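Coordinate-derived values only; no laboratory data. Note that this is a predicted model, so its numbers are computed, not measured. Glycine also receives a Cβ, built like all others from the backbone with ideal geometry; neighbour counts cover every protein chain displayed.
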Amino acid sequence: MNFFGKQIEQERKSAKLSVLELSQKSGLSEETLLQIEKGTLFPDVRQLMTLSQAFGKPKGYFFSKLVYRV
């Protein structure tokens, strides 16, 4: 699992959302979300910004978590 996949999965579970519900909120397919969470697909910038907004966070939310991790 990559850093973003882990963070997205944790955020989804914290928000008590299923993959289907996050798919509906973000417009990303369930398959894409599962691949990102498993680490088999690295999310692009657009996807990360879309997911941030689906969680009600600022567009750069996942990027800021990466910066603080380094």
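On full extension, the segment bounded by Thr50 and Asn2 gains 15.5 nm, given 0.36 nm per residue less the C-alpha separation. The trypsin sites (Lys or Arg not before Pro) of the range 29-62 that meet both conditions, a loop assignment by DSSP and at most 16 other Cβ atoms within 10 Å of the site Cβ, are Lys59.
Note on the chain: dipole from Cβ charges, positive end direction compared against Gly27, Phe42, Gln10; the farthest Cα belongs to Gln10. Calculated on the Cα set of the chain, radius of gyration then Dmax: 10.8, 32 Å. Net length available on complete extension from Lys57 to Lys13 is 14.3 nm, with 0.36 nm assigned per residue and the Cα-Cα distance removed.
The distance from the alpha carbon centre of the range 49-63 to that of the range 1-48 is 11 Å, rounded to a whole number.
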